[in-house]
Amino acid sequence: MHSFHLIADAAIAGVTVNGWKILGWSGNLVFGARFIIQWIASERARKSVIPVGFWECSAIGSILLLIYFAFYRHDSVGVLSALFPLPVYLRNLYFRYTHHHPKHPGNEPRPPD
């Protein structure tokens with residue numbers, strides 16, 4: 001049990017590393033990756049677009065950061081900054097995964113001439 005404590009709370013280059021900090025860093029990394037995903041998608045489309053990966057990274061990163069700030073840091077500023085935009089991310093994902101194209105043929109786009 002003593003060796004697990006050393007692994008769980010270690011100092012590397014003067015920085016305390018534990019599972020909670022790894023969770024927080026992971027949330028920050030995932031949350032930041034959304035901008036890279038959006039940048040790549042926009043470059044490919046040659047216009048500004050927001051791909052579904054942007055919303056997925058936003059939601060996952062926000063949830064990870066919310067857990068970190070709520071249970072480890074007990075930081076109300078961090079909790080609120082992760083909590084308030086979360087419904088927007090989840091709602092966009094809901095739209096993405098539940099949107100079905102209408103089956104009526106009159107609703108289909110016109111074929112090119």
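Readers should treat all values here as calculations from the given coordinates under stated rules, not as data from a laboratory. Quantities reported herein were computed from a predicted structural model and do not represent experimental measurements. Counting neighbours? That spans all protein chains shown, and the Cβs are built from the backbone with ideal geometry, glycine included.
Given region 27-98, what whole percent of its Cα pairs are spread farther than 21 Å? Don't skip to the answer; put the middle values down first.
Details: 773 of 2556 pairs.
Everything past 21 Å amounts to 30 percent.
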Legend entry - ³J(HN,Hα), Karplus 6.51/-1.76/1.60, whole Hz, each residue of region 54-69, x for Gly, Pro: 4, 5, 5, 5, 4, 5, 5, x, 5, 5, 4, 5, 4, 4, 4, 6
Inset, instruction - At 7 Å along the Cα-to-beta-carbon direction for both T98 and W20, put a label point, then send me their distance in nm to one decimal. - result: 3.6 nm
Legend entry - Ranked packing of 67-80, 35-48, most packed first, by mean Cβ within 10 Å: 67-80, 35-48
Inset, instruction - Quick one: which residues, 5+ away or cross-chain, put their amide H under 5 Å from the amide H of V17? H built at 1.01 Å from N. - result: A10, A11, I12
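With a Förster radius of 30 Å, plug the Cβ-Cβ distance of A70 and A45 into 1/(1 + (r/R0)^6) and report the FRET value to the nearest 0.05.
Values: r = 37 Å, r/R0 = 1.22.
Given R0 = 30 Å and the Cβ-Cβ separation, E is 0.25.
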